[in-house]
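**Student:** Structure below; questions to follow.
Each value in this text was obtained by applying a stated rule to the coordinates, not by laboratory testing. Being a predicted model, the structure only gives us computed values, none of them experimental. Because the Cβ atoms are built from the backbone with ideal geometry, glycine has one as well, and the counts that use them run over all protein chains shown.
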Amino acid sequence: MAKNHVLAIVLAGGEGKRLMPLTEVRAKPAVPFGGHFRLIDFALSNIVNSGYLKIVVLTQYKSHSLDRHITKTWYTSPLLGNFIAPVPAQQRRGPHWYLGSADAIYQSLNIVDDEQPEYIVIIGADNIYRMDFSQMVQHHIDSGLPATVAGIRQPIELAPALGVIDGEGGRIK
């Protein structure tokens, strides 16, 4: 599968209340990590190292330092159709800012319409991990299913603070 048929959407609008005071002046994905890196660098590195170079970063909360970091740190070749584009909340579907991750995607469907990707990878911008998304995309293609979701098991006590996937028999409920 040609990797230029994949659009990566990075959800980077989080306030990060549990990381106060680190998020008092910046979005959670812009929190410094190990010197000059930011939390979002893990997500962007995973995407780029997977071979995907069409990346939209949906921002909202105190996004200036995040936007500045992305534009100064991450270079692509727009002439080749590659980009990493911070996109601020645009209120395209009404007078409200994003009401959560699903709403951020919904209000940004115009970007998907503009790009016409064959596949979309949606990831959070504030997690520290290493993953080759091309393997997941290939597994998704081979499965023939309409959607694929990656997750990790967590103790049930953490459920109120996290997204929850109930997937008996490999199907998400």
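**Student:** Can you put 136, 20 in order, fewest other beta carbons within 10 Å first?
**Tutor:** Lowest to highest Cβ neighbour count: 20, 136.
**Student:** Something else: Ranked by Cβ crowding within 10 angstrom, fewest neighbours first, how are 48, 57 ordered?
**Tutor:** Starting with the residue having the fewest Cβ neighbours, the order is 48, 57.
**Student:** Once the convex hull of the C-alpha atoms of segment 107-173 is built, how many Å³ does it hold per residue, rounded to a whole number?
**Tutor:** Numbers: hull volume 9.8 nm³, N = 67.
Roughly 147 Å³ of hull volume per residue.
**Student:** Skipping prolines and chain starts, which residues have an amide H placed within reach, meaning under 5 Å, of the one on residue 38, given they are 5 or more residues away or on another chain?
**Tutor:** Amide H neighbours of residue 38, under 5 Å, 5+ apart: 33.
**Student:** Can you pull the percent of Cα pairs in the chain with separation above 22 Å? Intermediate results must be reported in sequence, preceding the final value.
**Tutor:** Values: 7022 of 14878 pairs.
Within the chain, distances greater than 22 Å cover 47 percent of Cα pairs.
**Student:** Let me ask you something else. Taking H as built 1.01 Å from N, whose amide H comes closer than 5 Å to the amide H of residue 124, not counting residues under 5 places away?
**Tutor:** 11
**Student:** Would you mind ranking 62, 72 so that the residue whose beta carbon has the fewest other beta carbons within 10 Å leads the list?
**Tutor:** The most exposed by this proxy come first: 72, 62.
**Student:** Place the peptides 140-146, 24-30 in order of packing, highest mean first, counting for every residue the other Cβ atoms within 10 Å and averaging per peptide.
**Tutor:** 24-30, 140-146
**Student:** If you don't mind, there's one more thing I want to ask. Run the count for the chain, please: Lys pairs, Cα-Cα under 19 angstrom, 8 or more apart or on different chains.
**Tutor:** Lysine pair count for the chain: 7.
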